[in-house]
There are 2 protein chains.
Amino acid sequence: MSDQHVPIRAGVIGLGSMGLGMALSLARAGIETWGCDLNPAACKALKGEGGHIAASPAEIGSKVDVLFCVVVNMQQAEAVLAGAGGAVGAMAPGSVVIQCATCAPDAVKALAAEIAASDVLFIDGPISGGSAKAHAGQITVMASGPPAAFERARPAFDAVAARVFNLGTEIGAGSQVKLVNQLLAGVHIAAAAEAMAYGISGGCDPKALFEVITASAGNSFMFENRVPHILEDDFAPRSAVDIFVKDLGLVHNSALARKFPLPLAAQALTMFTQASAMGLGREDDAAVVKIFPGVDLPRKGN
Amino acid sequence: MSDQHVPIRAGVIGLGSMGLGMALSLARAGIETWGCDLNPAACKALKGEGGHIAASPAEIGSKVDVLFCVVVNMQQAEAVLAGAGGAVGAMAPGSVVIQCATCAPDAVKALAAEIAASDVLFIDGPISGGSAKAHAGQITVMASGPPAAFERARPAFDAVAARVFNLGTEIGAGSQVKLVNQLLAGVHIAAAAEAMAYGISGGCDPKALFEVITASAGNSFMFENRVPHILEDDFAPRSAVDIFVKDLGLVHNSALARKFPLPLAAQALTMFTQASAMGLGREDDAAVVKIFPGVDLPRKGN
């Protein structure tokens with residue numbers, strides 16, 4: 001029996017909406033699944049599907065062969081993975097860490113270098129798709145790292161992802177592609193908001209506008225996905241304004257570091273930052289439409 | 001036999017790539033079709049499908065019941081439709097003019113007012129879809145005007161369009177929706193260029209980037225449609241840089257006139273203007289990617 005057929009044990013640190021969905025997808029695929037988070041409701045949800053809860057990063061590290069790190073930023077990833085008390089120090093040789101947070105490529109390289117002394121394999125593997133796809137085991141992973149790590153992680157990837165793009169062996173490549181995606185996603189959300197605000201101010205019926213644009217060359221994934229939030233006056237956060245303040249900030253800083261100009265991304269970053277400064281940081285990212293003054297936006301129940 | 005069953009005669013002024021495609025689609029649908037253009041090759045192509053050629057706007061006006069005006073801008077539309085020698089003066093009462101060029105809503109209103117003294121019906125009907133869809137009879141029309149005009153033009157719309165959005169009776173409504181579409185289309189092309197340039201400068205493989213983004217939340221109709229031109233180093237104009245200098249200029253001026261801010265559209269307009277100033281105005285609009293310095297863009301044959 002080859003090593004490939006030994007069942008793996010998988011873990012997720014960070015049971016937010018994406019991380020919990022991924023952990024549930026792992027458990028439903030029949031994989032022994034561990035989770036770690038401070039939020040008791042998320043832990044309870046995973047237990048309800050037969051998952052196990054670890055009390056600390058070190059404990060989950062000692063229990064699993066493949067560990068997804070689904071935290072918010074590099075500061076958190078560093079804290080739960082590296083150093084004394086981090087998960088990596090407790091992981092068995094040949095096990096795999098997949099770093100899923102959206103981070104600067106250089107910071108991911110530095111983290112990988114920091115844990116290189118261990119015998120744990122590292123994948124730079126940011127994820128995309130949102131909460132619903134995570135719960136359905138249908139996320140996209142933009143990944144780079146050593147072939148042995150992909151081989152070992154394969155059953156876990158199969159359980160959580162519709163597609164895993166292997167972008168080569170170089171750590172940072174996955175994160176760089178993710179930043180390109182975030183540049184476009186952020187600009188497209190801000191453009192959708194600008195276009196709807198401009199159209200409404202020009203007398204267009206918002207619903208007719210949505211119907212025409214989604215059938216025309218002006219359409220984007222984000223226009224189609226976010227404009228319904230504007231039409232329904234529903235800004236409960238699926239993904240918040242402040243996520244794009246962070247992600248476009250990473251895009252912006254990574255470009256500035258190599259003196260590369262980003263006229264649209266810089267403008268979109270300013271728009272999300274303005275929304276955040278107006279107190280909308282925790283609203284749905286479609287709330288960036290509220291930075292345009294004097295627009296008669298659709299109201300709930302109308 | 002009701003009036004609806006009397007066969008209509010249709011015409012197209014302006015046999016550019018869109019106009020010629022529409023004229024050919026009318027002729028192929030069995031409608032008596034007239035065309036008018038200074039370009040002999042386009043006239044010959046229409047004759048080859050059984051169409052007729054009129055020597056002047058006044059002549060085509062005298063021959064048809066439904067006339068599409070598919071010229072480049074309002075100045076041309078005004079010249080071929082209104083005043084002495086214009087098509088409208090020669091058209092029979094109850095016939096229909098459909099103004100298809102992308103123009104400022106206020107200018108279209110003024111043109112409609114100018115010809116209101118005639119008994120010719122007017123539709124504000126900008127079109128979208130490009131040359132291939134025009135040749136296939138599959139364009140989109142964003143139209144507003146009197147119901148009687150839509151009724152009379154129906155067989156011609158059926159021959160040229162996959163969808164005709166009826167945006168109400170107010171002249172200007174069609175053009176306003178078209179400008180919203182152009183805002184998004186222009187920003188999305190510029191964003192696709194910016195994202196590809198940024199990604200390549202960060203070491204991403206251009207083809208892998210295209211594959212990942214088209215499967216992710218950063219995708220747009222324009223990213224998917226235009227980035228192949230960049231990958232193939234093929235900037236032969238399907239639609240030229242200068243078209244977006246014009247269209248985003250219309251968007252920008254219409255917003256400025258009502259003191260409405262457009263942070264992204266203004267930035268994208270500057271990007272296309274910069275490309276035009278670099279001598280790229282007649283290249284494909286994807287050539288806006290060339291404004292980013294020091295990027296190792298794909299080269300033909302590699």
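When region B:129-185 is filtered for residues that are among the small types (Gly, Ala, Ser), assigned to a helix (DSSP H, G or I) and within 8 Å of chain A (Cβ to nearest Cβ), the ones remaining, listed by number, are B:Gly130, B:Ala173, B:Ala185. Checked against the criterion of being closer than 30 Å to A:Lys133 by Cβ, surrounded by 24 or more Cβ atoms within 10 Å (Cβ to Cβ) and modelled with pLDDT of 95 or more, region B:229-248 has at least one qualifying residue.
Per this entry, A:Gly218 is counted among residues that are touching a helix residue (DSSP H, G or I) at 6+ places or on another chain (Cβ under 9 Å) and at pLDDT 95 or above. Checking the structure you have, find out if any residue of region B:79-97 is among the polar types (S, T, N, Q), under 21 Å from B:Met142 (Cα atoms) and over 22 Å from the mean Cα position of the chain (by Cα). Yes, some residue in region B:79-97 is among the polar types (S, T, N, Q), under 21 Å from B:Met142 (Cα atoms) and over 22 Å from the mean Cα position of the chain (by Cα). Of everything listed in (1) surrounded by 24 or more Cβ atoms within 10 Å (Cβ to Cβ); (2) more than 18 Å from A:Ser175 (Cα to Cα); (3) out of contact with any Leu (no Cβ under 8 Å at 6 or more places or on another chain), the single unmet condition for A:Ala134 is (3).
Being aromatic (Phe, Trp, Tyr) and within 11 Å of chain A (Cβ to nearest Cβ) is the filter; apply it to region B:202-251 and report the residue that is farthest from A:Met222 (Cα to Cα).
As a first pass, look at region B:202-251 and keep what is aromatic (Phe, Trp, Tyr): B:210, B:221, B:223, B:235, B:244.
Checking which are within 11 Å of chain A (Cβ to nearest Cβ) leaves us with B:210, B:221, B:223.
Values: B:Phe210: 17, B:Phe221: 11, B:Phe223: 13 Å.
If we take residues in region B:202-251 being aromatic (Phe, Trp, Tyr) and within 11 Å of chain A (Cβ to nearest Cβ), then B:Phe210 is farthest from A:Met222 (Cα to Cα).
Going through region A:96-128 one residue at a time, which ones are free of Cβ contacts under 8 Å to residues at least 24 places away in the same chain and within 21 Å of A:Leu250 (Cα to Cα)?
Going residue by residue through region A:96-128, those that are free of Cβ contacts under 8 Å to residues at least 24 places away in the same chain are A:110, A:113, A:116-117.
Matches in region A:96-128: A:Ala110, A:Ala113.
If you go through region B:81-95 one residue at a time, do you hit one that is modelled with pLDDT under 95, under 25 Å from A:Gly203 (Cβ atoms) and surrounded by fewer than 16 Cβ atoms within 10 Å (Cβ to Cβ)? Write out each step before concluding.
Narrowing region B:81-95 to residues modelled with pLDDT under 95: B:83-85.
With the extra rule that they be under 25 Å from A:Gly203 (Cβ atoms), the set shrinks to none.
No: zero hits.
Residues checked against (1) touching a residue at least 60 places away in the same chain (Cβ under 8 Å); (2) of a type in the set (A, V, I, L, M):
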{"site": "B:Ser239", "(1), (2)": "yes, no"}
{"site": "B:Asp247", "(1), (2)": "yes, no"}
{"site": "B:Val251", "(1), (2)": "yes, yes"}
{"site": "B:Leu256", "(1), (2)": "no, yes"}
{"site": "B:Phe260", "(1), (2)": "no, no"}
{"site": "B:Ala268", "(1), (2)": "yes, yes"}
{"site": "B:Glu283", "(1), (2)": "no, no"}
{"site": "B:Lys290", "(1), (2)": "no, no"}
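Among what's in region B:260-270 and is in a helix (DSSP H, G or I), at the interface with chain A (Cβ under 8 Å from one of its Cβ atoms) and out of contact with any Pro (no Cβ under 6 Å at 6 or more places or on another chain), pick the residue that is surrounded by the most Cβ atoms within 10 Å (Cβ to Cβ). That would be B:Ala268. Yes or no: region A:49-66 includes at least one residue that is farther than 29 Å from A:Leu250 by Cα and of a type in the set (S, T, N, Q). Yes, some residue in region A:49-66 is farther than 29 Å from A:Leu250 by Cα and of a type in the set (S, T, N, Q). Output the residue which, of all residues in region B:103-152 that are within 18 Å of the chain's Cα centre (by Cα) and among the polar types (S, T, N, Q), is modelled with the lowest pLDDT. Filtering region B:103-152 for residues that are within 18 Å of the chain's Cα centre (by Cα) and among the polar types (S, T, N, Q), the one modelled with the lowest pLDDT comes out as B:Ser131.
The single condition from (1) over 21 Å from B:Gln75 (Cα atoms); (2) within 9 Å of chain A (Cβ to nearest Cβ) that B:Ser254 fails is (1).
Residues in region A:87-112 that are assigned to a helix (DSSP H, G or I) and of a type in the set (Ser, Thr, Tyr): there are none.
Considering region B:129-166 alone, what residues qualify as being of a type in the set (Phe, Trp, Tyr) and touching a residue at least 24 places away in the same chain (Cβ under 8 Å)? Step through it out loud before you land on a result.
Taking region B:129-166 first, the residues of a type in the set (Phe, Trp, Tyr) are B:150, B:157, B:165.
Those that are of a type in the set (Phe, Trp, Tyr) and touching a residue at least 24 places away in the same chain (Cβ under 8 Å): B:Phe150, B:Phe165.
For region A:278-297, the set of residues classified as assigned to a helix (DSSP H, G or I) and either acidic (Asp, Glu) or within 22 Å of the chain's Cα centre (by Cα) (or both) consists of A:Leu280, A:Asp285, A:Ala286, A:Ala287, A:Val288, listed by residue number. Of the residues that sit in region A:24-57 and are among the aliphatic types (A, V, I, L, M) and in contact with a Gly (Cβ under 6 Å, 6 or more places away or on another chain), which one is surrounded by the fewest Cβ atoms within 10 Å (Cβ to Cβ)? My answer is A:Ile53.
In a helix (DSSP H, G or I), among the small types (Gly, Ala, Ser), closer than 22 Å to A:Asn181 by Cβ and touching a residue at least 40 places away in the same chain (Cβ under 8 Å): is that true of A:Ala275 in this structure?
Details: in a helix (DSSP H, G or I): yes; among the small types (Gly, Ala, Ser): yes; closer than 22 Å to A:Asn181 by Cβ: yes; touching a residue at least 40 places away in the same chain (Cβ under 8 Å): no.
Taking the combined requirement at face value, the residue does not satisfy it.
The values are calculated or read from the model by the stated rules, or taken from the named source; none is laboratory data. These figures come from a predicted structure and were not determined experimentally. Positions of Cβ are backbone-derived with ideal geometry, glycine not excepted, and every protein chain shown enters the neighbour counts.
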